[in-house]
Every structure is written in C-alpha cells, then in structure tokens.
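The structure under discussion appears below in the form of structure tokens.
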Amino acid sequence: MDIHAVDDSVTRRIQAMVQRVQGLKEHDLYFYNQPVSEIRGGAKVIVRGREMGMYASYSYLGLIGHPRINAAAKSAVDKYGTGTNGVRTLAGSLSIHTELEETIAAFKGAEAAITYTSGYSTNLTVISTLMGRGDWVISDKLNHASIVDGCLMSGAEFRRFKHNDMEELEKRLQQAPSDVAKLVVADAVFSMDGDVIDFPKIVELCRRYNAWLMMDEAHSVGVLGKTGRGIEEHFSMEGSVDIKMGTLSKTIPSVGGYVAGKKELITYLRHASRAYIFSAALPPAQAAAANESFKVIIDEPWRIAKLQENTDLFINGLKAAGFDTMLTTTAIVPVLCGSDDSAFALTRTAQHNDVFVLPVVSPAVPEGLARLRATITAAHEPDEIRRAMGVIEKAGKEIGIIQ
Ligand SMILES: *Cc1c(COP(=O)(O)O)cnc(C)c1O
C-alpha cells in the first residue's frame, strides 16, 4: 500500500530539519539526546561507556539519587501505586498532593500552593488563566519559552522589555491604560545567562504601577538565598512576589511545577486553570520525592553553601583564563565563544576529554553570542572543577577563543 505523502510547506520544514540533524551527526557535532546510561552521585554520568564530569545538570544541590528522596518515592509506590485515577478535581487528589502543596507553601513563605505536572504547563496555564483579552502582560526579553507561550496563549496585550532593563519596563507600564490589569513576569535567574533580575526595582515598579508580579524560580530555588528559598530571601524582601512559580524538575529531583501565593489566588487557579482541571495529577512517587526534597534542603544547608563556593571557583577560574562569562553570578555559567562553530568545537573537545558540557547557538541566542552553557552543582568536588576548567582552557586556546 502506498504511504500517503503530502507535498507542502510542512513536509519541506520537516525535511529541512531532518537534513540539518543528519549533517550535524555526520560532523560529530550533534549533542542532543546523548544516551546517559547511569547517573553517579549527580556530578558524574556514564555516556557510551565513559565516565564524564557532568556540567550540564540542573540538579544544583546534587539531590538526584539522595537516599531519603529515593526512599520516599519507593514508599509512595507501595502506598498508592503508580497512578492517580486521573485528574485532581475528580478522582486523583491524594493526601501526598496536599502534603506536597503545604510543604511548598511553607518553604516559599506563602499561604498556599498548587502543583501541576510540569513547569512548562504551569506557566502556560497560570498566565493564560489569570490574564485575558484587554489585559497587559509585560515580559523580559530573555524569559523562558514557557512564559512566552503562556503570554501568547492568554490573548492579552503582550509587551516585552529589554533584558533586565528597568527603564524600559517602566515605559511599558506607563504605556498601559491605567484601568487594565497588568502582569509583570520574569525569570529570577535567567536560564541562558545566569544573571539575576533587578529584583528591588521590579518590585518597586510593580507596586507603583499597580501590577501583579510573577517570578519564575526554576533556577533560583536552592541556588539563591542562605537557605535556598530563592529570590526574596536573596534580597531579604520576603512577601514581595504575588505569583511564586517554580519547577520540581531542577533543584528538586522530580517532575512538576507549582505556584505559591495568597489563598484566594490558589483557590481560583484550582477551579479555573485548565492544566489542573483537564490533565492528570502528578504521580505519587514524584509527589513524594518532591515533598521529601524540600525537607532535605532544609536539613542539609551545607549544600547551598557548597554550591556557592563551587560556583565562585568556576567563574573566577574561567575569568582568570581569559573567558567572558557575561554577567553570571550563579550556577549557570555561560562561556562565550562567539561563532556557532567555535561553540561546537569547544563542546566537542570538552566532551572528548570527558567533560559533559553543551553549546547554545543561534537562534537560541543572538548570532555572535554562541556559548557553552555550563552548570555547577553542590555535588562537584573542587578538584573535579579544576580539571574541567583545565580542559576548557586548553581547548579554548587551541580554538582561539582565548589567548
Ligand atoms: C526548565 C524551566 C521551566 C520548565 O520547567 P519543566 O518543569 O522542565 O517543564 C520553566 N521556566 C524556566 C525558567 C525553566 O528553566
């Protein structure tokens, strides 16, 4: 039987992508979806039989595989099984879900919290539920794709401001009609550059212009603040964020997303957000793992201190070698390469020397700003970090990124 073949622009887009992937693979420049067969202690992975130092992990506090978290997941399977009978509103709400939401609310210093099955769907559903036609959503230009998609999906007026530029944000706020609802949304730590939002100023502007403030804390929970509670703790400005969004898939070694905030806000989202009403609940094992993770963070504060020490070691070392690490002060460390080719070459050499890093190239970042995007965790040992820096420095000289 003949396969039904459509000849149109969709088919051509598919073919173009398939050819691009094929070309990269032929040149040993394809770094997506590498088969990790084993995760060892968070900072090491086995890829194609070789042990590599892991510098692309979001497990910032090194919690993947933590015995307490694994045990919590296992006992949740014994207690509840593996599924949830479906959506929360009908038959799928388990006591572990309620417990997790209480844990998150307490950790974030909020009245209540709601969870969803991914961070991505959390941003989609929360922004599009709260905002609608006629309202204004104002977003940093470097915000995560899930925020952008949520803003587009909302149907609200969508305005952006230059990355971390508070003067431009103020202009946008002034452009909005005074009688419309306004939401300002930004990453607390930016996922490509590792820099921190100008939090005191964004809070002040939201208050002055009567706008809601939503912070995506995917890369700041466990990273910022003395006890890892994120952006408010980092600036000692507790109670400043209206919508505290985060993921359960990075520092928290599970899957899912959440929003913490005022009780009324959470009640509203529970009864109006479509990803909650029309999509199945988090599996019990993942809810229990996430719940235990927050407790481990509180019980093991040394992890946060060690992450900061490791981060400083790595950033200062790369700078001393002559690399441009842009404005990062956090565990996400861009290593500027310039051209896409340089970023690919540096990645390939690093990987051949068992340093697992990944490149970020155009169109994900502007042309000429291609980079490695390395991440540091509390699971790394200083000696390992020094070895990785040695590899990156040697390769950077060979390729001509540094002198
Ligand atoms: C990873 C990430 C998300 C999405 O989280 P998932 O749980 O992986 O879906 C949202 N926002 C930011 C800033 C992220 O980095």
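Every number here is computed from the coordinates shown, using simple stated rules; none is lab data. Computed from a predicted structure; not experimentally measured. Positions of Cβ are backbone-derived with ideal geometry, glycine not excepted, and every protein chain shown enters the neighbour counts.
Just check region 192-296 against the gyration tensor rule for me: Cα atoms, a ≥ b ≥ c as the square roots of the eigenvalues, rounded for a/c under 1.5, and otherwise prolate or oblate depending on whether a/b exceeds b/c. If you can, show how the numbers build up before the last one.
Numbers: a/c = 2.17, a/b = 1.25, b/c = 1.74.
Because a/c hits 1.5 or more and a/b fails to exceed b/c, region 192-296 counts as oblate.
Among the aspartates and glutamates, which have Cα under 14 Å from the Cα of Lys226 when same-chain residues fewer than 8 positions away are ignored?
List returned: Glu238, Asp299, Glu300, Glu309.
Of the peptides 247-253, 387-393, how do they stack up when ordered by the mean number of other Cβ atoms within 10 Å, highest first? Before the final figure, lay out each step's value.
Working: 247-253: 26.9, 387-393: 20.0.
Descending mean neighbour count gives 247-253, 387-393.
So how far apart, in nm, are the two label points at Lys25 and Arg50 if each is 7 Å from Cα heading toward Cβ?
Spacing of the two 7 Å Cα→Cβ label points: 1.9 nm.
For region 278-286, take each phi angle, set θ = phi - 60°, evaluate the Karplus expression 6.51 cos²θ - 1.76 cosθ + 1.60, and give the result in whole Hz per residue in order, putting x for glycine and proline.
10, 9, 4, 6, 4, x, x, 4, 6
How large is ³J(HN,Hα) for each residue in region 60-69, as worked out from phi by the Karplus curve 6.51 cos²θ - 1.76 cosθ + 1.60 (θ = phi - 60°), to whole Hz, x for Gly and Pro?
Per residue, the Karplus-derived 3J(HN,Hα) values read 4, 9, x, 8, 4, x, 4, x, 5, 6 Hz.
Could you tell me the distance between the Cα centroids of region 354-381 and region 107-178, to the nearest Å?
First find each Cα centre; the distance between them is then 26 Å.
Filter Lys201/Lys263; Lys25/Lys306; Lys108/Lys319 down to the pairs with a C-alpha to C-alpha distance above 32 Å, please.
Working: Lys201/Lys263 26 Å; Lys25/Lys306 37 Å; Lys108/Lys319 34 Å.
As for pairs spanning more than 32 Å Cα to Cα, those are Lys25/Lys306; Lys108/Lys319.
Pop a pseudo-label 7 angstrom from the Cα along the beta-carbon direction at both Gln175 and Leu152 and give the gap in nm to one decimal.
Once both label points are built, they end up 1.9 nm from each other.
Taking only DSSP H segments of four or more residues, each worth -39500 (n - 2.57), what value at 222 nm results for the chain once the sum is divided by all its residues, to the nearest 500 deg cm²/dmol? Walk me through the numbers before you get to the answer.
On the way: 14 runs with 171 residues, N = 403.
Theoretical 222 nm ellipticity from helices: -13000 deg cm²/dmol.
If the only charges are +1 at each Lys and Arg Cβ and -1 at each Asp and Glu Cβ, what is the size of the charge dipole of region 67-299 around the Cα centre, to the nearest 20 debye?
Numbers: 25 positive and 28 negative charges, 92 e Å.
It works out to roughly 440 debye.
Among 7-15, 291-299, how do they line up by average Cβ neighbours within 10 Å per residue, starting with the highest? If you can, show how the numbers build up before the last one.
Numbers: 7-15: 9.1, 291-299: 19.3.
Top of the packing list down: 291-299, 7-15.
Report P(r) for region 67-299: all Cα-Cα distances, bin width 10 Å, range 0 to the bin holding the largest distance, values in whole percent.
The distribution over region 67-299 is 8, 34, 36, 17, 5, 0, given as percents.
If you take the square roots of the eigenvalues of the alpha-carbon gyration tensor of region 259-403 and sort them as a ≥ b ≥ c, do you get rounded (a/c under 1.5), prolate (a/b over b/c) or oblate? Could the numbers behind the result be given before it?
Working: a/c = 2.67, a/b = 1.79, b/c = 1.49.
Note, shape of region 259-403 comes out prolate.
As a test, work out the antiparallel percent of DSSP beta bridges whose residues both lie in the chain, rounded to the nearest 5. Write out the running numbers ahead of the final one.
Working: 27 of 46 bridges.
Here the antiparallel bridges make up roughly 60 percent for the chain.
Find which of Ala320, Val189, Ala5 sits farthest along the positive direction of the dipole of the chain, computed with +1 on the beta-carbon of Lys and Arg, -1 on that of Asp and Glu, about the Cα centre.
About the Cα centre, the residue reaching furthest to the positive side is Ala5.
For region 30-91, report the translational diffusion coefficient in µm²/s to the nearest whole number, using Stokes-Einstein at 20 °C, 1.002 mPa s, and a Kirkwood Rh over Cα pairs.
Details: Rh = 14.4 Å.
The diffusion coefficient I find is 149 µm²/s.
Using θ = phi - 60° and the Karplus relation 6.51 cos²θ - 1.76 cosθ + 1.60, list the HN-Hα couplings for region 168-183 in order, rounded to whole Hz, with x at every Gly or Pro.
Ordered by residue, 3J(HN,Hα) equals 5, 4, 4, 4, 4, 5, 6, 6, 5, x, 5, 9, 9, 6, 10, 10 Hz.
Hey, could you pull the Cα Rg and Dmax for the chain, both in Å?
Reported Rg and Dmax, both Å: 21.9, 68.
Note down the nm distance, to one decimal, between modelled labels 7 Å out along Cα→Cβ at Ala364 and at Thr89.
3.6
Gap in Å between the Cα centre of region 215-234 and the Cα centre of region 46-71?
If we compute the Cα centre of each part, the gap is 21 Å.
If a/c stays under 1.5 just call it rounded; otherwise compare a/b with b/c (prolate if a/b is bigger, oblate if not). Do that for region 188-229, with a ≥ b ≥ c from the square roots of the Cα gyration tensor eigenvalues.
Working: a/c = 2.38, a/b = 1.83, b/c = 1.30.
Prolate.
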